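J.: I'd like to ask you about the structure that follows.
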Amino acid sequence: MISTSELRKGVAIELDGDLWQILEYQHLKIGRGSAQVRIKLRNIKRGQTVERSFQAGEKWPRAYLDTRDVQFLYADGSDYHFMDTDSYEQFSISGDQLGDNAQYLTDGMVLQRTSYEGETIGVELPVTVDMQVIDTEPGFAGDTQSGARKPATVQSGLVVQVPLFVNAGDTIRIDTRTGEYQTRV
């Protein structure tokens, strides 16, 4: 069990039969009343965010999430197939469950699988990924200005704004948190 005094950002708790991750918490002591804790929570399975208040000292079951290394194998329609690098067990995740993370996947990429009681909740991408530019307009030396950018399509179909010197066939590093170009590799 975890009480309101042990709350930390990122801790997972079980609340009302669902799995929630703490995004923010604030301890409030108002006048003569008892102290309260206001918590901003994110539903781990559905992604919805809510803000709730609880009395200080309230307790909930702590949820222990298991993280393991997995390797992306291939995409099959709307399903994405992965393999656990320790047990070689294969599993699939739907495109809806992956969301925007699907556009950063490349064959053989190693990611972190998050599971709770044997059920896969999701996968966590590395901070950056290296992808090859498939298509982009040629950049000309005369049309530069500070920070000039052009669109480039990478191997997964993702369109990224890149500097003018990047050409088709180049490998670039992309930040998976923001979707922005970082450097040419």
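J.: Of the listed values [x] 18.3; [y] 19.5; [z] 16.8, grab the one calculated as Kirkwood radius over Cα pairs in Å from the structure here.
T.: After the calculation, the listed value that fits is [y].
J.: What accessible area per residue comes out for segment 49-165, rounded to a whole number of Å², with a 1.4 Å probe? Working shown, then result.
T.: On the way: 6820 Å² over 117 residues.
Heavy-atom SASA per residue in segment 49-165 reads 58 Å².
J.: Express the carbon and sulfur contribution to the solvent-accessible surface of the chain as a percent, rounded to the nearest whole number, probe 1.4 angstrom. Display every interim value, and only then the final one.
T.: Working: 4700 of 10970 Å².
Here it works out to 43 percent.
J.: Now for a different question. About its Cα centre, how strong a charge dipole does segment 98-160 have in debye, to the nearest 20, once Lys and Arg get +1 and Asp and Glu get -1 at the Cβ? Write out the running numbers ahead of the final one.
T.: Numbers: 3 positive and 9 negative charges, 41 e Å.
For this selection, approximately 200 debye.
J.: Ratio of alpha-carbon Rg to the 2.2 N^0.38 Å globular estimate for segment 81-178, to two decimals, please. All intermediate terms of the calculation are to be shown ahead of the outcome.
T.: Working: Rg = 16.9 Å, N = 98, 2.2 N^0.38 = 12.6 Å.
Cα-based Rg divided by the globular estimate yields 1.35.
J.: To continue, here is another question. Choose one of PRO126, PHE140, LEU7: the residue whose Cα lies farthest towards the positive end of the charge dipole of the chain (beta-carbon charges +1 Lys, Arg; -1 Asp, Glu; about the Cα centre).
T.: Result: LEU7, furthest along the dipole toward the positive end.
J.: Using the basic label-point model (7 angstrom from Cα toward the beta carbon), what is the VAL127 to MET1 distance in nanometres?
T.: With each label placed 7 Å out from Cα toward Cβ, I get 3.9 nm.
J.: Taking the alpha-carbon distance from LYS40 and a cut-off under 22 Å, which lysines remain once sequence neighbours fewer than 8 residues away in the same chain are dropped?
T.: LYS9, LYS29, LYS59
The values are calculated or read from the model by the stated rules, or taken from the named source; none is laboratory data. This structure is a prediction, so every number in the text was calculated from the model and none was measured. So basically every Cβ, Gly included, is an ideal-geometry build from the backbone, and we count neighbours across all protein chains shown. Note: accessible area is taken over every heavy atom of the protein model, side chains too, but ligands, DNA and RNA are not part of it. Shrake-Rupley method; radii C 1.70, N 1.55, O 1.52, S 1.80 Å.
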